[in-house]
Each structure stands twice: as C-alpha cells, then as structure tokens.
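The values are calculated or read from the model by the stated rules, or taken from the named source; none is laboratory data. Model, not experiment: these values are computed from the prediction. Because the Cβ atoms are built from the backbone with ideal geometry, glycine has one as well, and the counts that use them run over all protein chains shown. Heavy atoms of the whole protein, side chains included, go into the accessibility calculation; ligands, DNA and RNA do not. Shrake-Rupley method; radii C 1.70, N 1.55, O 1.52, S 1.80 Å.
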2 protein chains.
Amino acid sequence: MTPVPPTRRYDYVTDGLEIYRRSFGTIRDEADLRDFAPDLVTVATRIIHGAGDVDIVSALAATHDLVATARGALEAGAPIFTDSHMLASGVTRRRLPADNDVICTLREESVPELARQWGTTRAAAAVSLWGPRLEGAVVAIGNAPTALFHLLELILDGGPRPAAIVGMPVGFIGSAESKVALAEHRLPDGSQIPWLVVHGRRGGSAMAASALNALANESELA
Amino acid sequence: MTPVPPTRRYDYVTDGLEIYRRSFGTIRDEADLRDFAPDLVTVATRIIHGAGDVDIVSALAATHDLVATARGALEAGAPIFTDSHMLASGVTRRRLPADNDVICTLREESVPELARQWGTTRAAAAVSLWGPRLEGAVVAIGNAPTALFHLLELILDGGPRPAAIVGMPVGFIGSAESKVALAEHRLPDGSQIPWLVVHGRRGGSAMAASALNALANESELA
C-alpha cells in the first residue's frame, strides 16, 4: 500500500535545510560565543543545537587545538571510540571524512566478567578493550564518568594516547568531577591531549554526538 | 592479550548499582516532584537522571493516565516506534516487559523519495511508514518536530491511534510548538491520546530514551 501524506493541519516549516538555517540563525542571535575561537564556534553552535539550549555554552570548554586536531585525525582516517551504542548511533556517517570506524565495545563478550573482576562498571571495563587503535583516535564519552576516569588512568599508565577526547558524561555522581579530571589531565611532559567538555552534570549522548558531527565536518547543514 | 585494569588514580564510585542509588538519592533530595502523581515521579526521576538536570522537571507535563497506559501497552507486547535510530538505540532492551519491537523507519528505502514528493522532512515521511502496527503502540519522538506534527495530522485524518505518545523533539524551530500541539491534540470525541512532553526547546533522544526506559519498567536500577 502506497502511503499518502496527511492533511496539513499545523503551520510548521517542513524543509529540512530551511529548518537548519533558521535554527543556526536563532542560535547565532541568542548565544554569546564571543569568547570562542572561530573553529570552536561551529562546534559550540552544533552542541547548542543538539541540546536545544543556548545556555549550555557557559559550561563548554576546550583546548585551543581541539578542533584542528580532532578534525585532522578524522580526515586521516582515525577511528572514533564511544562509551555507548547510543552515542555511536548518533554519529552521522555521511559527515565522516574518511568513512571512519565508529567503535563501541560495551557489548563485547568479555566486558561483564572484566567489570566484575576489576570491581568497576561495564562502561569502564569496555574502555580497556579499545587496544592499540586508541592511539591517535578520537574518543567521545557521553554517558559514564567511570569510562572517562578509566581512560585517563590508562593513559597515565602509559597506554595508547588518543588524538582528542570529547568528555561529556552526564549525571549526578562523578560526572562533573570526571570532566575536571580531563581538563586537568597532563602527560608526563606537561602537555595535554586536546579535549572538549561540558562541565557540570549535563552532557549525554545527544550533545556528544553533536560534538562529533561538528568535529567530523564543518558544514552546518545536514 | 588479556587486558589489565589501570592503576587507580582518582577517587570515584565504580559500583554501578551504588552509582544509580546515589544518583536517584540526589535527585530525590533536589528535585521538587510534589506536583506529580506517584507513577509519574519515577518517570520524571529517570528523565532528570538522563538530562543531568533537576530543573528539567519544570518543563515536564503529562496526562494523568500516561504511565499506566504506556506501561500496560508495553506489557501487552505493543511495539515502540521512534523517530531516530539514536533514540531506538537508547532503549534498554532488558527493561522491556515483552521483548517488544523497537522500530525506526527512517532508513527505509522509500523515505527520501516520499519526503521529496510530499515536500517534508525524511523524519516526517518515515512516520507514514509505521502503518497499522501504530494502533496501540507507544511512540517516542526525540528529534524532529516535523515527525510529531506529521503523526498528529495522520491521527486527525483517522489513521491508527497509538496508545501513548512521548513528545520530546529538541530544537529551535517548531520544537516547542509541536509539543503544545500534542498537549492540545484531541480526538473527535474530545478525548486525548495519553502524552508526556518536555515543553520548550529542550528534549532529545537521551531524555526520550530515559522516558521509554522508565515507562517500560518501574525499577530504578540498571
């Protein structure tokens, strides 16, 4: 049976590109992005778009080299690692510059037993399965603070170093602290792995996916 | 190679159940949920948890019969329809009472052409593919206002009626209006399909998934 469109009863914009244009226009009118470097403005704009909230910008922070480094890594083919399948699902594949792999190991068979043995969450244990491909990858944490803490600990132990870390775990226990830990994290030589965070309790898969989609491609549309 | 856990360097809670307990304890301490019926309190609590923000409760509204109707439908085996794969991915399958189908039609082959012919978004066109299984289903819209408007128009045209609608599209163009339209939507006999909304611009897949996970199962944990 061929579906037919319903009778229009409401007055709303139906053109997807026009919706994007007006949305980003509204964000530019309302959000105070004067303190952000131009390349971070496009990322901040898309995070605001995903959050539906211009005020989220007050919690947003990043290193000066975050956008260039993350985008360069993705253009060179780096994989993206995420802490949740929901976040992986939110990455718009057609925006990826090199058909990059988007990897979540949360459902790997060994994860529940490792989490039990180590006395940690499955989200944290799953990070230990990222292995050598983590070197130079782009990481996004949108759910579990424990996954972000675990990642920082692996790096401090001398493990593979991602090119950039999007730290946006959400919640009431450990979330804010994990993002402070990321912002203060230093390698032995005193340098930082480029990072982007939404400080405080807010964050989540939707905002983290918006960040990844902006880092993958500077286009505002689609 | 068997992974080894990293050296603990930060002080954080690693017990998943303890994280849940403390999170919901914090929400109960901070959120003002006195105006909500007991069955809606558990849903509101989980939406706050997913949003990382107790203030979201001021935007939350629902019909009195929303929780009982949606949960009853799911227990009876009703499918869940979503407007995005990200939202579908956020439904915790083990919480579903009847191994319910979770369906998103956004990537069906006919969607781009229908959207073009009808002059609407793919998210809206995809709703027209839900077909007769929409009758008695639980619907959650976490992304596209156009999908919610389109659904309401299909119902007003005499199409299948879902058992309950979670209306949480996000964004700056049409989002707030689509949720007002849902809250004011009436069937020819004056009755309403039970609904739950986060009014205003906020919403999104994460909050909508939290709502579905709470409607599926009243347990706070996992």
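May I ask you to list the residues in the stretch B:1-51 that are facing another protein chain (nearest Cβ under 9 Å), of a type in the set (A, V, I, L, M) and either within 26 Å of B:A61 (Cβ to Cβ) or outside any loop (DSSP other than H, G, I, E, B) (or both)? Matches in the stretch B:1-51: B:I19, B:I27, B:I48, B:A51.
Rundown of residues vs (1) open to solvent by 10 Å² or more (accessible area, probe 1.4 Å); (2) within 18 Å of B:I48 (Cβ to Cβ); (3) assigned to a helix (DSSP H, G or I); (4) at pLDDT 95 or above, yes/no style:
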site: B:P169; (1), (2), (3), (4): no, no, no, yes
site: B:I173; (1), (2), (3), (4): yes, no, no, yes
site: B:E177; (1), (2), (3), (4): yes, no, yes, yes
site: B:L182; (1), (2), (3), (4): no, no, yes, yes
site: B:V197; (1), (2), (3), (4): no, yes, no, yes
site: B:G200; (1), (2), (3), (4): yes, yes, no, yes
site: B:A209; (1), (2), (3), (4): no, yes, yes, yes
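So, A:R161, is that one outside any loop (DSSP other than H, G, I, E, B), more than 24 Å from B:I19 (Cα to Cα) and either in contact with a Pro (Cβ under 6 Å, 6 or more places away or on another chain) or modelled with pLDDT of 95 or more (or both) or not? Considered against the rule, which asks whether it is outside any loop (DSSP other than H, G, I, E, B), more than 24 Å from B:I19 (Cα to Cα) and either in contact with a Pro (Cβ under 6 Å, 6 or more places away or on another chain) or modelled with pLDDT of 95 or more (or both), A:R161 comes out as no. In the stretch B:77-92, of all residues being under 14 Å from the mean Cα position of the chain (by Cα) and open to solvent by 20 Å² or more (accessible area, probe 1.4 Å), the one that is nearest to B:P160 (Cα to Cα) corresponds to B:H85.
Of the listed requirements (1) open to solvent by less than 20 Å² (accessible area, probe 1.4 Å); (2) over 22 Å from A:P3 (Cβ atoms); (3) touching a Ser or Thr at 6+ places or on another chain (Cβ under 7 Å), B:A126 misses just one: (2). For the stretch A:43-50, the count of residues that are polar (S, T, N, Q), closer than 26 Å to B:A208 by Cα, out of contact with any Gly (no Cβ under 9 Å at 6 or more places or on another chain) and at pLDDT 95 or above is nonzero.
Only residues that are touching a Lys or Arg at 6+ places or on another chain (Cβ under 6 Å) and small (G, A, S) were counted in the stretch A:69-116, giving 1. The single condition among (1) open to solvent by less than 20 Å² (accessible area, probe 1.4 Å); (2) over 30 Å from B:D29 (Cα atoms) that B:I47 does not meet is (2). Per the listing B:D101, B:D65, B:D55, the residue uniquely within 13 Å of chain A (Cβ to nearest Cβ) and of a type outside the set (A, V, I, L, M, F, W, C) is B:D55.
The one condition from (1) buried (at least 20 other Cβ atoms within 10 Å of the Cβ); (2) within 14 Å of chain A (Cβ to nearest Cβ); (3) in contact with a strand residue (DSSP E or B) (Cβ under 8 Å, 6 or more places away or on another chain) that B:L74 does not meet is (2). Take the conditions more than 9 Å from chain A (Cβ to nearest Cβ), under 25 Å from A:G25 (Cβ atoms), free of Cβ contacts under 8 Å to residues at least 60 places away in the same chain and in contact with a Ser or Thr (Cβ under 8 Å, 6 or more places away or on another chain) and apply them to B:G171. Does it pass? When the stated conditions are applied, B:G171 does not pass them. Looking across the stretch B:146-162, the residues that are open to solvent by less than 20 Å² (accessible area, probe 1.4 Å) and either of a type in the set (D, E) or within 14 Å of the chain's Cα centre (by Cα) (or both) come down to B:A147, B:L148, B:E153, B:P162. With respect to B:L106, determine if the residue is of a type outside the set (V, I, T) and either open to solvent by less than 50 Å² (accessible area, probe 1.4 Å) or facing chain A (nearest Cβ under 10 Å) (or both). Taking the combined requirement at face value, the residue does not satisfy it.
Residue selection: B:L60 fails the criterion of being crowded, with 17+ Cβ neighbours inside 10 Å and in contact with a Pro (Cβ under 8 Å, 6 or more places away or on another chain).
Across the stretch B:123-135, what is the total count of residues that are out of contact with any helix residue (DSSP H, G or I) (no Cβ under 6 Å at 6 or more places or on another chain) and either of a type in the set (G, A, S) or more than 7 Å from chain A (Cβ to nearest Cβ) (or both)?
Total meeting the criteria: 7.
Restricting the stretch B:174-198 to residues that are within 12 Å of chain A (Cβ to nearest Cβ) and touching a Gly at 6+ places or on another chain (Cβ under 9 Å), the residue that is farthest from B:S84 (Cα to Cα) is B:A181. Taking B:L96 as the residue in question, decide whether it is more than 7 Å from chain A (Cβ to nearest Cβ), open to solvent by 10 Å² or more (accessible area, probe 1.4 Å) and touching a residue at least 40 places away in the same chain (Cβ under 8 Å). Considered against the rule, which asks whether it is more than 7 Å from chain A (Cβ to nearest Cβ), open to solvent by 10 Å² or more (accessible area, probe 1.4 Å) and touching a residue at least 40 places away in the same chain (Cβ under 8 Å), B:L96 comes out as yes.
I need the full set of residues from the stretch A:1-37 which are touching a residue at least 40 places away in the same chain (Cβ under 8 Å) and crowded, with 17+ Cβ neighbours inside 10 Å, in order please. Matches in the stretch A:1-37: A:G16, A:Y20, A:F24.
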